[in-house]
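As structure tokens, the structure follows; a few thoughts come after it.
The values are calculated or read from the model by the stated rules, or taken from the named source; none is laboratory data. Not measured: the values here are computed from a predicted model. Please note: Cβ atoms are built from the backbone with ideal geometry, for glycine as well, and neighbour counts cover all protein chains shown. We work out accessible area using only protein heavy atoms, side chains counted, and drop any ligands, DNA or RNA first. Shrake-Rupley method; radii C 1.70, N 1.55, O 1.52, S 1.80 Å.
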Amino acid sequence: MPVYAHPNAILVLKRDKDYTKMRIEFFRKLYKEMGCGEIGDKQVVNLRNPIILGEDKKIHSEIHEIINNQLFGFNILEIPGHAPDQVAFYGKECNGYLLEIY
């Protein structure tokens, strides 16, 4: 089955080790700078959670990058908020309804 993803999601879906290390370090530094203390430390530990980052959650097939903001007749709208790779699929035939993907 073909897998399509926003370019920012591919490293996450592949469970890229360098990306994971960078992400953990980013949040460790952010929580420290924001003075989150023990709560921030717990969040960093959760980022290392093998249930979330486990090899069994890795996409092993080829992942096709969504390009030109089009896929299967839908306009792909980038709506970063919760995540930098968050997108919505917009189809004119659907009366303007949006399907958000997190």
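Does Arg48 satisfy the criteria of being open to solvent by 100 Å² or more (accessible area, probe 1.4 Å), touching a helix residue (DSSP H, G or I) at 6+ places or on another chain (Cβ under 9 Å) and of a type outside the set (A, V, I, L, M, F, W, C)?
yes
Residues that are modelled with pLDDT of 80 or more: list the strands (runs of 3 or more DSSP E) wholly contained in the chain that include at least 2 such residues.
Fully inside the chain and qualifying: 3-5, 63-65, 74-78, 87-90.
Within the range 33-47, how many residues are closer than 14 Å to Arg23 by Cβ and among the β-branched types (Val, Ile, Thr)?
Total meeting the criteria: 2.
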